[in-house]
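To keep things clear, I will list the structure first and then write my remarks on it.
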Amino acid sequence: ATHMSAGQFSDVAQFLFVNARLLSSLALQKQQRSKSDLLLNKVFQRSPIGILQFQLNDSESLILKDSNPAADEMTKANNKTKIGLSIETAFPGFVGAGVIKHYIEAAQVGTPWHIQDLEYHDTELNGIFDIHVFQTAPSTIAIMFSEISERIVAERALKKNEATLESIFRASPGGIGM
């Protein structure tokens with residue numbers, strides 16, 4: 001049998017104590033990270049704003065990694081079926097819109113980007129969107145968006161009616177009495 005001196009025993013006990021505290025601390029951090037991940041997932045799944053997550057691959061192509069239910073509702077598609085596709089394949093309407101370069105820049109260097117009233121058109125989807133893009137991790141972006149077609153159409157109709165009323169008022173020789 002091996003015998004330890006009191007000093008050796010003390011050193012071993014201190015080593016075990018320090019490692020037990022370290023393991024306990026790591027377990028607590030893992031538990032807290034797990035709770036944080038769960039909360040973020042709930043926000044992602046329950047957000048009323050559409051969210052698409054893309055990863056920039058080695059050939060500088062953005063690949064769809066995930067989408068939330070609001071994104072499916074706003075795009076009227078099951079975007080989960082597009083996971084693994086490039087942005088150009090999954091959302092061909094972005095190709096001619098001049099926005100992909102901003103998405104890639106956000107993924108590469110973290111520059112956030114926003115565009116209002118983006119008119120998107122492809123064979124499956126037509127709409128007007130308010131879009132925010134930002135980096136969530138290196139080479140990864142989130143595209144958060146709202147479908148605003150109805151609001152924009154209403155605003156355009158209101159402006160057209162205002163212009164018509166103004167032209168009638170100006171063309172009227174004696175003004176309009178009430």
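I'm checking my understanding of the structure. Among residues of segment 39-68 that are assigned to a helix (DSSP H, G or I) and either touching a strand residue (DSSP E or B) at 6+ places or on another chain (Cβ under 9 Å) or among the β-branched types (Val, Ile, Thr) (or both), which one is least open to solvent (accessible area, probe 1.4 Å)? Spell out the reasoning first.
At the first step, the residues of segment 39-68 found to be assigned to a helix (DSSP H, G or I) are 39-46.
Okay, now just the ones that are also either touching a strand residue (DSSP E or B) at 6+ places or on another chain (Cβ under 9 Å) or among the β-branched types (Val, Ile, Thr) (or both), so 43-44.
Working: 43: 86, 44: 33 Å².
Step by step, filter segment 39-68, then rank; the result is 44.
Search segment 122-164 for residues being among the hydroxyl-bearing types (Ser, Thr, Tyr) and at pLDDT below 90, and hand back the single one that is farthest from the chain's Cα centre (by Cα).
Taking segment 122-164 first, the residues among the hydroxyl-bearing types (Ser, Thr, Tyr) are 123, 136, 139-140, 146, 149, 164.
Filter once more, keeping what is at pLDDT below 90: 123, 149, 164.
Numbers: 123: 23, 149: 19, 164: 40 Å.
That would be 164.
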Name the pairs whose Cβ atoms lie under 7 Å apart, with the first residue in segment 62-84 and over 23 Å from residue 150 (Cα atoms), the second open to solvent by 20 Å² or more (accessible area, probe 1.4 Å) and among the hydroxyl-bearing types (Ser, Thr, Tyr), and 6 or more positions between them or separate chains? 62/86; 63/86
For segment 95-149, what are the residues that are touching a Gly at 6+ places or on another chain (Cβ under 9 Å), under 20 Å from residue 44 (Cβ atoms) and surrounded by fewer than 18 Cβ atoms within 10 Å (Cβ to Cβ)? 134, 138, 146
Looking only at segment 71-88, which residues are touching a helix residue (DSSP H, G or I) at 6+ places or on another chain (Cβ under 8 Å), in a helix (DSSP H, G or I) and open to solvent by 30 Å² or more (accessible area, probe 1.4 Å)? 72, 80, 88
Looking at segment 93-121, which of its residues are under 14 Å from the mean Cα position of the chain (by Cα), hydrophobic (A, V, I, L, M, F, W, C) and not in a helix (DSSP H, G or I)? 113, 115
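The values are calculated or read from the model by the stated rules, or taken from the named source; none is laboratory data. Just so it is clear, the structure is predicted and the values come from calculations on it, not from any experiment. Here the Cβ is made from the backbone with ideal geometry for all residues, glycine too, and neighbour counts use every protein chain on show. The protein model used for the area step is the full one, side chains on, heavy atoms only, and it has no ligands, DNA or RNA in it. Shrake-Rupley method; radii C 1.70, N 1.55, O 1.52, S 1.80 Å.
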